[in-house]
1. Restricting to region 12-26, give me the number of residues that are in contact with a helix residue (DSSP H, G or I) (Cβ under 8 Å, 6 or more places away or on another chain) and touching a residue at least 24 places away in the same chain (Cβ under 8 Å).
2. For Ile53, work out the one condition from (1) among the hydrophobic types (A, V, I, L, M, F, W, C); (2) in a helix (DSSP H, G or I); (3) surrounded by 15 or more Cβ atoms within 10 Å (Cβ to Cβ) it doesn't fulfil.
3. Take Leu29 and tell me if it is under 18 Å from Ile53 (Cβ atoms), without any contact (Cβ under 8 Å) to a residue 24 or more places away in the chain and surrounded by fewer than 17 Cβ atoms within 10 Å (Cβ to Cβ).
4. Of these, Arg23, Arg36, which one is over 22 Å from Pro66 (Cα atoms) and basic (Lys, Arg)?
5. Of the numbered conditions (1) within 21 Å of Lys64 (Cα to Cα); (2) in a helix (DSSP H, G or I), Val47 fails exactly one; give the number of that condition.
6. For region 5-29, enumerate the residues that are among the hydroxyl-bearing types (Ser, Thr, Tyr) and under 19 Å from Lys61 (Cβ atoms).
7. Taking Gly21 as meeting all but one of (1) in a helix (DSSP H, G or I); (2) at pLDDT below 95, write down the number of the exception.
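The values are calculated or read from the model by the stated rules, or taken from the named source; none is laboratory data. If you're wondering where the values come from, they're calculated on a predicted model, not measured in any experiment. With ideal geometry, Cβ positions are generated from the backbone for all residues, glycine too; neighbour counts draw on all protein chains shown.
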Amino acid sequence: MNNFNDILELLKKYGTYIHLGERLYDMELAAIEIDRLHEAGLIDNAVYARAKIVLNHEHEKELKHPLKLTKWRKE
């Protein structure tokens with residue numbers, strides 16, 4: 001698990017699909033879903049820790065340099 005897309009693929013294995021239209025919001029919701037999977041015992045501590053590290057890193061990166069993929073995103 002090395003990037004945000006890997007996190008989304010992990011969540012899809014458990015039936016969770018995330019697309020809110022804003023990458024930052026997608027990351028925040030993914031973090032909540034990862035927490036819930038861990039609390040339910042569906043993912044182990046190692047996967048949980050790696051996912052949280054990746055999400056935190058990607059979240060910080062997005063805050064510094066947001067992707068400008070959508071034309072309706074406010075500048």
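1. 3
2. It is condition (3) that Ile53 fails.
3. Values: under 18 Å from Ile53 (Cβ atoms): yes; without any contact (Cβ under 8 Å) to a residue 24 or more places away in the chain: yes; surrounded by fewer than 17 Cβ atoms within 10 Å (Cβ to Cβ): yes.
Considered against the rule, which asks whether it is under 18 Å from Ile53 (Cβ atoms), without any contact (Cβ under 8 Å) to a residue 24 or more places away in the chain and surrounded by fewer than 17 Cβ atoms within 10 Å (Cβ to Cβ), Leu29 comes out as yes.
4. On the way: Arg23 fails: over 22 Å from Pro66 (Cα atoms).
Going through Arg23, Arg36 in turn, the sole match is Arg36.
5. Val47 satisfies all of (1) within 21 Å of Lys64 (Cα to Cα); (2) in a helix (DSSP H, G or I) except (1).
6. Taking region 5-29 first, the residues among the hydroxyl-bearing types (Ser, Thr, Tyr) are 14, 16-17, 25.
Matches in region 5-29: Tyr25 only.
7. Result: Gly21 passes all but (1).
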